[in-house]
1. Which whole-angstrom value gives the distance between the alpha carbon centres of region 92-120 and region 127-174?
2. Only bridges whose two residues both fall in the chain count here: according to DSSP, what percent of them are antiparallel, nearest 5?
3. Report the FRET efficiency, 1/(1 + (r/R0)^6), for residue 15 and residue 197, where r is their Cβ-Cβ distance and R0 is 45 Å, rounded to 0.05.
4. Please sort 5-14, 88-97 by packing, taking for each peptide the average over its residues of neighbouring beta carbons within 10 angstrom, highest first.
5. Classify the chain: rounded, prolate or oblate, from the alpha-carbon gyration tensor (a ≥ b ≥ c, eigenvalue square roots; a/c under 1.5 rounded; otherwise prolate if a/b is larger than b/c)?
6. So, by mean Cβ neighbours within 10 angstrom, what's the order for 182-189, 117-124, 59-66 with the highest one leading?
7. Mind checking the dipole of the chain: about its Cα centre, +1 per Lys or Arg Cβ, -1 per Asp or Glu Cβ, Debye to the nearest 20?
8. Lys/Arg Cβ at +1, Asp/Glu Cβ at -1, dipole of the chain taken about the Cα centre: which of 89, 53, 102 is farthest positive-ward?
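Laboratory data are not the source of any read-out in this text; all were calculated from the coordinates shown. If you're wondering where the values come from, they're calculated on a predicted model, not measured in any experiment. Please note: Cβ atoms are built from the backbone with ideal geometry, for glycine as well, and neighbour counts cover all protein chains shown.
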Amino acid sequence: MDSPHEVLGVEPDADEATVVRAYRRRVKETHPDQGGVAAEFQRVQDAYAAIEAGEAETTAVPDARDIDTDGVDTEAADPEPAEAQADAARLEYLDYAVLAEQGWEIDDGDLFEKASKADLDPDAYGRLLVNAGETILEAAEERGFSWPFACRGGACANCAVALIEGEVNMPSNHVLSDGMVDEGIRLSCMSRPASDELKLVFNVEGLPGLEELRLPSQQFR
Ligand code: FES
C-alpha cells in the first residue's frame, strides 16, 4: 500500500499545481492504450481522486497486483455522471481550421449556417449521431473521423472542443480553467451529450490558453 502522494510521486505537502502536473505525467506513463498497465493506471486515478477529495491522509492505495482491473474504464476513471444523459444526440461539428480559411470568427452568430452552405469536406463540417453512453470523441472516431486527443483521461487539452450550442456532462476535468469552461470549452474525451442537439467546433488548439495545456500526442499514437 502507498499513500496517494507516493503513487503520484510528490511530497505530502505538494501544492495543487504540483499534484496536477504529477497526475498528468503519471497518466501518460500508465495509460493502457499507450502500453501502460491497467492496474497502475487505476492506482493513479484513485490516488488523484483521494487527494482531490481531501482524503489523502486517510487513504492507502492498494498495490497494483491487488487491483482487479476487469471492467476498468480507462477512458473515464471517474464514475458515470449522475445527471440525465440524452438517449442519442444529433451533433453538428465544424473544424476550427476552416474558420481561418474562410475568414470566420468562432462567435459569429451564423457560423454553422455559413458552414452548411460552404460545400465543405465531411471531415471539416457535418452531422453525426452520438449514441447513449458514447463520449463525443468516441462518436467521432466510431464514424471514422480523426479528431485530436492524447491522454483520454481529462489531463490534457488535446481533445478540447468549443461548445456553441447544447449541453454536455463532463464529469472529469483536470486541466481546463473555470474561465475556459465558462467560455464553452469542453474535453471531448470526457463529455457526453446532455441535450438532444449539439453544435461544436473541434480542433480548437489555436484558441487562447489551450496550446500550453496540450500533451505531446506522438506518445499516444
Ligand atoms: S485527450 Fe487528454 S483530456 Fe481528452
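1. 19 Å
2. Given both bridge residues lie in the chain, the antiparallel proportion sits at roughly 75 percent.
3. 0.65
4. Result, highest mean first: 88-97, 5-14.
5. Prolate, since a/c reaches 1.5 and a/b exceeds b/c.
6. 182-189, 59-66, 117-124
7. 600 debye
8. The Cα lying farthest towards the positive end belongs to 102.
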